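To start, the structure under review is shown below, and the notes come after it.
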Amino acid sequence: MNIGIISDTHDNVEAIERATEIFAEEGVEIVIHCGDFVAPLMVDYFEEFELHGVLGNNDGDVANLQSAFDALGAESELHGRFASLEFDGLSVAVLHGESLEEVEAIAAGETFDFVCYGHHHERELSEEGRTTVLNPGAHVLAPDEDHTVAILDTRSESIRFRSVDE
């Protein structure tokens with residue numbers, strides 16, 4: 001199964017539309033959003049997918065974000081500030097990741113196969129023992145940032161990055 005991973009969309013509709021096109025091209029069934037949707041209306045762009053999200057530091061309208069997730073259906077879920085997920089036997093921790101120390105501590109515990117986070121607007125793929133640490137990059141409007149999404153192939157346990165600027 002292919003899982004799309006995205007973060008820090010910050011109301012960038014053009015980038016979200018491009019990201020969902022990429023996810024559709026890649027056969028993604030599930031999308032993980034590592035926080036900072038900002039406006040609840042952004043959730044609607046992911047209606048083709050099962051969506052799992054966590055709250056970021058810019059997600060202030062939690063009640064309406066929750067309502068937007070509820071409208072997507074039972075399989076989609078807004079998990080609060082942290083999610084512990086499992087797909088095809090792989091365990092995935094998801095957080096926004098304001099504190100890199102928290103991200104590093106979760107990874108160092110080697111409880112999860114993958115730790116996915118956002119906030120820092122920089123793509124990362126690294127290993128901490130048995131745990132893969134992943135930041136898919138950001139989608140805010142700043143021109144010098146990495147506008148990417150990540151695709152996790154659960155069969156091969158591999159990660160690919162795709163640019164939304166192409």
Practice task
Tell me which residues, restricted to segment 49-67, are open to solvent by 60 Å² or more (accessible area, probe 1.4 Å) and within 13 Å of the chain's Cα centre (by Cα).
Solution key: none
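Condition check ((1) within 23 Å of residue 131 (Cα to Cα); (2) in a helix (DSSP H, G or I); (3) in contact (Cβ under 8 Å) with a residue 12 or more places away in the chain) across all residues:
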site	(1), (2), (3)
5	yes, no, yes
10	no, no, yes
36	no, no, yes
43	no, yes, yes
57	no, no, yes
93	yes, no, yes
Exercise for the section: Among the residues of segment 4-31, count how many are among the β-branched types (Val, Ile, Thr), touching a helix residue (DSSP H, G or I) at 6+ places or on another chain (Cβ under 9 Å) and open to solvent by less than 40 Å² (accessible area, probe 1.4 Å). Expected result: 6
Fill in the blank from the handout: Among the residues of segment 55-71, the number that are of a type in the set (D, E, K, R), within 24 Å of residue 93 (Cβ to Cβ) and out of contact with any Ser or Thr (no Cβ under 9 Å at 6 or more places or on another chain) is 1
Problem - Residue count, segment 155-166 (criterion: open to solvent by 30 Å² or more (accessible area, probe 1.4 Å), in contact with a helix residue (DSSP H, G or I) (Cβ under 9 Å, 6 or more places away or on another chain) and hydrophobic (A, V, I, L, M, F, W, C)) - result: 0
Exercise for the section: Take residue 152 and decide whether it is aliphatic (A, V, I, L, M), in contact with a Ser or Thr (Cβ under 8 Å, 6 or more places away or on another chain) and open to solvent by 30 Å² or more (accessible area, probe 1.4 Å). Expected result: no
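The values are calculated or read from the model by the stated rules, or taken from the named source; none is laboratory data. Fair warning: this is a prediction, and the values are worked out from it, not measured in the lab. Don't worry about glycine lacking a Cβ; one is built from the backbone with ideal geometry, like all the others, and counts go over all protein chains shown. All accessible areas refer to the heavy atoms of the entire protein, side chains included, with ligands and DNA or RNA removed. Shrake-Rupley method; radii C 1.70, N 1.55, O 1.52, S 1.80 Å.
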